[in-house]
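Every number in this text was worked out from the coordinates using simple rules, so none of it is lab data. Being a predicted model, the structure only gives us computed values, none of them experimental. Cβ: placed from backbone, ideal geometry, glycine included. Neighbour counts: every protein chain shown.
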Amino acid sequence: MADGILGARVGVLGGGQLGRMLGLAGRALGLELTFLDPTPSSPAAATGELLVADYTDAAALARLSRADVVTFEFENVPVAAVKQLEERGAVHPGSRALEIAQDRLNEKTCFRSLGIGTPPFEAVDSWEQLLAALASLGYPAVLKTRRFGYDGKGQAVLRNEEEARAAFERLGGAPLILEGFVRFQRELSIVAVRSSAGEVATYPLVQNHHEGGILRKTIAPAPEVSEELQAAARGYVEKLLAHLDYVGVLALELFDCDGRLLANEIAPRVHNTGHFTIEGARTSQFENHLRAILGLPLGSTEIPEPCAMLNLIGAAVEPGAVLQVPDAHLHWYGKEPRPGRKVGHVTVRAPDVATLSERVARLERLLGA
Ligand code: AMP
């Protein structure tokens with residue numbers, strides 16, 4: 001590595017908005033980032049060198065492996081590519097965490113083995129298995145592809161056999177998982193970070209609102225969180241970090257069922273529900289991820305005052321209008337707006353919860369949410 005961290009080189013698989021925000025944090029730390037992404041217009045290109053190639057391209061992987069440490073910002077990169085990079089140098093988090101997170105069945109089996117509560121689930125590889133799983137879990141249930149699902153894609157809620165048949169026809173070409181439908185009160189997540197020196201820090205629980213499977217809003221910290229609930233979430237995520245010998249930021253999505261937490265999924269990377277940390281926490285998840293993978297001391301995860309994050313989905317906004325809201329901060333990812341596509345986000349802070357609610361309502365009116 002270069003002298004100290006100044007000029008240390010970080011390679012990143014993926015060059016989307018998460019890469020861009022990692023790049024912005026990295027530049028402040030004096031790091032040099034190189035991204036690998038097949039898309040020439042990748043948002044991260046504004047913050048570092050972009051190698052435009054397939055994730056399995058041998059020459060591109062060789063170039064990426066010249067970095068002092070490699071990480072990823074995209075969860076569906078091929079595990080084989082990460083394993084190749086691991087043979088040549090440090091990759092954080094490693095292929096093991098990625099392998100588990102890429103497959104919902106592995107993920108839920110891992111939760112179960114660690115004593116982490118999870119919705120009831122069964123593997124489904126055929127119509128007969130689906131019928132058997134429905135007989136044991138009952139309706140309603142959620143049928144999901146085991147791999148490559150994101151933002152609510154690759155899943156369906158089943159209320160009866162007719163819906164089961166239609167969903168199986170649509171999704172059944174791939175290995176599936178059936179989950180019991182959880183009547184949760186709210187969705188929460190916890191972002192945690194572990195450094196290569198073994199230091200661990202967790203951000204407070206946040207509350208998330210999804211529409212059509214896509215995250216719309218995060219409230220940080222989540223309201224009405226007892227010490228027990230926070231401790232339970234921290235306990236879950238710390239178990240995962242230790243079990244996976246994990247280095248970097250990890251997000252755990254949870255369902256809150258009357259104070260009982262059920263784990264839905266993990267993201268082995270910086271996460272949309274942690275975007276608020278850029279202005280809302282003492283240290284952003286992006287900076288902490290970089291500190292962690294470089295073995296540097298972690299920064300405080302405290303949230304000094306209430307804040308919220310609103311995703312900008314599918315359309316551009318009028319920056320002047322958004323920024324009229326006090327303490328609102330706009331992040332634009334430089335992506336072409338398309339329906340359902342996350343093109344930016346707004347973080348807003350306030351001195352108290354009531355003022356935050358007013359500011360969020362004002363922003364939601366402006367965004368047509
Ligand atoms: P996922 O892709 O697994 O994160 O699911 C997207 C969204 O679907 C979640 O954020 C929940 O709102 C909902 N969802 C997923 N799994 C379940 C479940 N087992 N029961 C009820 N709702 C679910």
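Can you tell me which of V200, V191 is within 30 Å of T277 (Cβ to Cβ) and within 16 Å of the ligand (Cβ to nearest atom)?
After ruling out the rest, the residue left standing is V191.
Could you count how many residues in the stretch 130-153 are on the phi > 0 side of the Ramachandran plot and near the ligand (Cβ under 8 Å from one of its atoms)?
Of the residues in the stretch 130-153, 2 are on the phi > 0 side of the Ramachandran plot and near the ligand (Cβ under 8 Å from one of its atoms).
I need every pair where a residue in the stretch 162-188 that is more than 25 Å from E211 (Cβ to Cβ) and more than 9 Å from the ligand (Cβ to nearest atom) has its Cβ under 6 Å from the Cβ of a residue that is in a loop (DSSP other than H, G, I, E, B) and not hydrophobic (A, V, I, L, M, F, W, C), sequence separation at least 6 or different chains.
P175/D125; P175/R146
As an exercise: evaluate E99 against (1) within 16 Å of the ligand (Cβ to nearest atom); (2) within 18 Å of the chain's Cα centre (by Cα) and give the number of the one condition it does not meet.
Unmet for E99, out of (1) within 16 Å of the ligand (Cβ to nearest atom); (2) within 18 Å of the chain's Cα centre (by Cα): (1).
For E107, are the conditions met, namely being of a type outside the set (A, V, I, L, M, F, W, C), out of contact with any Gly (no Cβ under 7 Å at 6 or more places or on another chain) and in a helix (DSSP H, G or I)?
Against the criterion (of a type outside the set (A, V, I, L, M, F, W, C), out of contact with any Gly (no Cβ under 7 Å at 6 or more places or on another chain) and in a helix (DSSP H, G or I)), E107 qualifies.
Every residue, every condition in (1) outside any loop (DSSP other than H, G, I, E, B); (2) among the aromatic types (F, W, Y); (3) in contact with a His (Cβ under 6 Å, 6 or more places away or on another chain), yes or no:
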position	(1), (2), (3)
R291	yes, no, no
G295	no, no, no
G299	no, no, no
Q324	no, no, no
H329	yes, no, no
H345	yes, no, yes
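Which ones in the stretch 65-81 are within 12 Å of L33 (Cα to Cα) and either surrounded by fewer than 17 Cβ atoms within 10 Å (Cβ to Cβ) or under 20 Å from the mean Cα position of the chain (by Cα) (or both)?
Residues satisfying the conditions are R66, V70, T71, F72.
Which of the residues that make up the stretch 165-192 are closer than 29 Å to G314 by Cβ and assigned to a helix (DSSP H, G or I)?
If the condition is that a residue be closer than 29 Å to G314 by Cβ and assigned to a helix (DSSP H, G or I), then A166, A167, E169, R170, L171 are the ones that fit.
If I filter the stretch 82-102 down to residues being touching a residue at least 60 places away in the same chain (Cβ under 8 Å) and assigned to a loop (DSSP other than H, G, I, E, B), which single residue comes out as surrounded by the fewest Cβ atoms within 10 Å (Cβ to Cβ)?
For the stretch 82-102, the residue satisfying everything is A90.
Name the pairs whose Cβ atoms lie under 6 Å apart, with the first residue in the stretch 265-277 and more than 8 Å from A251 (Cβ to Cβ) and within 14 Å of the ligand (Cβ to nearest atom), the second of a type in the set (D, E) and assigned to a strand (DSSP E or B), and 6 or more positions between them or separate chains?
Listed pairs, sorted by first residue: E265/E253.
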